[in-house]
There are 2 protein chains.
Amino acid sequence: MKSTIYDVAKKVGVSTTTVSKVINNTGRISERTKKKVLEAIDELNYKPNVMATALKGKLTSTIGLLIPDMANPFFADLSRRIEDEAHELGYNLFICSTDYDPKKEKKYIELFKTKNVDGIICASGCEDYTSIVQLVKENFPIGAVARNYNNLEIDTVATDDFMGGYKAATHLINLGHKNIAILAKNVESNRSRINGFLQALEENKIKPRQDLNFVSSISTENGKKFTDKYLSSPNPPTAIFALNDLLAVGAMQSAIERGLSIPQDISIIGYDDSFIASIVIPSLTTIAQSTYTLGKQIVNLIDAQIKGEKQERTRILLSPQLVIRNTTAQANL
Amino acid sequence: MKSTIYDVAKKVGVSTTTVSKVINNTGRISERTKKKVLEAIDELNYKPNVMATALKGKLTSTIGLLIPDMANPFFADLSRRIEDEAHELGYNLFICSTDYDPKKEKKYIELFKTKNVDGIICASGCEDYTSIVQLVKENFPIGAVARNYNNLEIDTVATDDFMGGYKAATHLINLGHKNIAILAKNVESNRSRINGFLQALEENKIKPRQDLNFVSSISTENGKKFTDKYLSSPNPPTAIFALNDLLAVGAMQSAIERGLSIPQDISIIGYDDSFIASIVIPSLTTIAQSTYTLGKQIVNLIDAQIKGEKQERTRILLSPQLVIRNTTAQANL
DNA sequence: ATGAAAGCGCTAACAC
DNA sequence: GTGTTAGCGCTTTCAT
């Protein structure tokens, strides 16, 4: 049977109060009894019952993590980084995949609350983020990662999406591309990237294509399907900017199936620099977001918030990096 | 402030016992009061406090999941399936990555216990599984997925590794390959696959290569490195059996870098059929394990165990499927 | 420096 | 059909 604080108290011959005090390092306890209590705890292999502690209003050392989909390599990677840093700081993680569905998001947030999580990290990027707003209002410890809610005062660690789009476009433009198609899902982060992309086009007096259609979900299948459409249009692009590596791979498949050589006949650039970017052949030029920094920073921000160490909110915007590999080259005009 | 069972009781004008009874559907309550209580619960948006319920010895509706690495696509996928089925049944998931380290496994299991999880699903596959044995002894609800502890009486859903190895070898042998190298990590599941592989070789009177070296960790880098070694040996293989798709991709990279054509010059077969198998070009022939079935079944098994619905343990062995794509062809002798 | 006692929110005998 | 009461394991005043 699991030993309780009573067992420890009885064994040492003190009250549970005393034991509680040495555990929490509160009040004043003589070195002698402290030592004896510690020994007893060790011998009995006593572990405080989190349920009971939580019931008394203390923390549970648990964080809830909301992501769109664990099976998406970028988020799998990000989750792993968050997990590592969270464990480092003594937290356990509840992870829930929302599939960009605000209903699921809401349901999971309620779940998190009934389970008394100390804080919530949100990377889910639902278009309707009413639930998040609500949490902020309640002053519940919450942070956003890889998402940038501009109008919300919330701890944030994200990459600069506008800059990412700008960098991708600039790279392609410098290679002589003027006819660039876009592969994207219609979510806020992607719209920012597209704005950055358009800005670079404008600065170079290049008129954007008018046939942008958003994919319904992020998958290689959709990347392929939409690229097929672009390539069979009357005015096929010489380059494709995919706002996710998975979509980029779909674009590659489409091009190859049509007998096009990458990057000689068509340039393709992805986004995220997930591991698949270095796996595909030719390896994918892409815009990198550091899941490591993203994960580490947000956990520390949330931790500080939970501990009440800071009142003001912090917004960290990381600079995305262009990683040039083998899917982009001089435009073949 | 969050409302408690007392608030509900007061509002309706009954005792907390009555409220508790309608919540748990125990005892006998008149339809009239039942209805009134339910209404009050709704109005106050009352949610039972899990901590308090758990303290009374009830379940927490939480399951702990142990996997080697969330960033590994196979396990990311499996986790997602488990997550979906678990939510379906009303469970929340704690996920921890063990990196095949028994120390971490032990630590996380203790963590799970202090957090009062109802059960644990283990896919971590540590060589030293003392902690798992201990759990079984304690009669703690536990199940193994994608792992087959032969000598342990434990709920299990796994694919038949021996059969998987056998099928891979047979496919290659039928294509005329006699000189096949292996890429694997030295863990139990892989050793079973290799045994199946060797069995097929023996049945066809083919002598296995003697230069098998296990990789220290599963990565494309290691797949590439070890394939480099095989291909520069005096007697390079005509086919490679990689016990993980990631390793297979590394093998592809090595072959391509040496100017070999796949599958004309060398055949490569992977394992798992994770999404990367259909992403790489040429797409990868591989042995498929159904993460969907694996995940769904183990969660149901654990659920039944938690609810005390079954005493005997079940071992489900799924049949792995050969998925022929474009990296295997007739041996070029 | 230590302990008695109340109470966190809930459930389960047991009584009526 | 409903309520009284004790207690799950712990923390925290408030005494001493």
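Every number in this text was worked out from the coordinates using simple rules, so none of it is lab data. Here the structure is a predicted model, which means the values were calculated and not measured. Cβ atoms come from the backbone with ideal geometry, glycine included; neighbour counts cover every protein chain shown.
A few notes on this one:
- Degrees between helix B:161-174 axis and first principal axis of chain B (Cα, 0 to 90, nearest 10): 30 degrees
- The per residue volume of the convex hull around the alpha-carbon atoms of region A:176-304 is 120 Å³.
- Lysine pairs in region A:185-302 with Cα atoms under 27 Å, if 8 or more residues apart or on separate chains: 10
- Point-charge dipole on Cβ atoms (K/R +1, D/E -1) for chain B, about Cα centre, debye to 20: 960 debye
- Measuring max minus min along each principal axis, the C-alpha atoms of region A:106-165 give extents of 40, 18, 16 Å (largest first).
- A dipole drawn for chain B from +1 and -1 charges on Cβ atoms has a positive end, and of B:Pro320, B:Ile180, B:Leu152 the residue lying farthest that way is B:Leu152.
- B:Leu260 versus B:Gln210: modelled label distance in nm, points set 7 Å from Cα along the beta carbon direction: 2.2 nm
- Computed helical MRE - 222 nm, chain A, DSSP H runs ≥ 4 contributing -39500 (n - 2.57), nearest 500: -13500 deg cm²/dmol
- Taking Cα atoms only, the orientation of helix A:245-257 departs from the longest principal axis of chain A by about 30 degrees.
- Lys/Arg +1, Asp/Glu -1 at C-beta; region B:1-79 dipole; positive extreme among B:Val14, B:Ser3, B:Pro68: B:Val14
- Spatial separation of Cα centroids for region B:8-45 and region B:219-285, in angstrom: 64 Å
- Partners for B:Lys11 among lysines (Cα-Cα distance below 20 Å; same-chain residues under 8 apart left out): B:Lys2, B:Lys21, B:Lys34, B:Lys35, B:Lys36, B:Lys47
- C-alpha long axis of helix B:31-43 to longest principal axis of chain B, angle in °: 60 degrees
- Gyration tensor verdict on region A:58-131 (Cα atoms; rounded if a/c is under 1.5, prolate if a/b is larger than b/c, oblate otherwise): oblate
- Region A:65-206: C-alpha gyration tensor shape, a/c 1.5 cut-off, then a/b vs b/c: prolate
- Pairwise label distance in nanometres, B:Asn235 with A:Arg28, each label 7 Å out on the Cα-Cβ vector: 8.1 nm
- Gyration tensor verdict on the protein assembly as shown (Cα atoms; rounded if a/c is under 1.5, prolate if a/b is larger than b/c, oblate otherwise): oblate
- When each of A:Lys10/B:Lys137; A:Lys104/B:Lys58; B:Lys167/B:Lys310; A:Lys58/B:Lys56 is checked by Cα-Cα distance, pairs over 24 Å: A:Lys10/B:Lys137; A:Lys104/B:Lys58; B:Lys167/B:Lys310
- Residue exposure sequence - A:Phe74, A:Phe140 - by fewest surrounding Cβ within 10 Å: A:Phe140, A:Phe74
- Which of A:Ile266, A:Ala251, A:Gln311, positive extreme of dipole for region A:251-331 (C-beta unit charges): A:Gln311
- Subtracting the Cα-Cα distance of B:Lys307 and B:Glu43 from their residue separation scaled by 0.36 nm leaves 91.9 nm.
- Gaussian network model of chain B, springs between alpha carbon atoms under 10 Å - residue of B:Asn300, B:Asn45, B:Asn222 with greatest fluctuation: B:Asn45
- Charged-residue dipole, Cβ positions (Lys, Arg, Asp, Glu), region A:173-300 about Cα centre, Debye nearest 20: 240 debye
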